[in-house]
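The values are calculated or read from the model by the stated rules, or taken from the named source; none is laboratory data. Remember, predicted model here, so these are calculated numbers, not experimental data. Because the Cβ atoms are built from the backbone with ideal geometry, glycine has one as well, and the counts that use them run over all protein chains shown.
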Amino acid sequence: MRILANIFLFFSIVYFPWWAWLPVALFFIFMFESFYEAVFWALVSDFLYGTGSVSWEGFGFYLTLIVLAVFLGIQWFKQYIRV
């Protein structure tokens, strides 16, 4: 099932904008145990479509930073809701 999720995320990143595939990635983070691939796919998306900005000294990996923070938050939250 994880392989299908990764294939789906890959095609979502290639064919859809970030705001369309990001909720799907967050859903996969919540559903799968330690879905680290979402951070990887966010990094791939930043490499493909991200732009270096003037703010933050040219840091252009905003989406990766957001996905990493949400990933860590969801992992912490899952400890309290899973039995």
Residues (within 14 Å of LEU72 (Cβ to Cβ), of a type outside the set (A, V, I, L, M) and at pLDDT 90 or above) located in region 31-44: PHE35, TYR36
Matching residues in region 1-15 - criterion: being surrounded by 10 or more Cβ atoms within 10 Å (Cβ to Cβ) and not aromatic (Phe, Trp, Tyr): ARG2, ALA5, ASN6, ILE7, LEU9, SER12, ILE13, VAL14
Residues (under 19 Å from PHE61 (Cβ atoms) and either touching a Ser or Thr at 6+ places or on another chain (Cβ under 9 Å) or of a type in the set (A, V, I, L, M, F, W, C) (or both)) located in region 6-34: LEU9, PHE10, ILE13, VAL14, TRP18, TRP19, TRP21, LEU22, ALA25, LEU26, ILE29
Scope region 3-30; condition of a type outside the set (A, V, I, L, M, F, W, C) and modelled with pLDDT of 90 or more; matching residues: ASN6, SER12, TYR15, PRO23
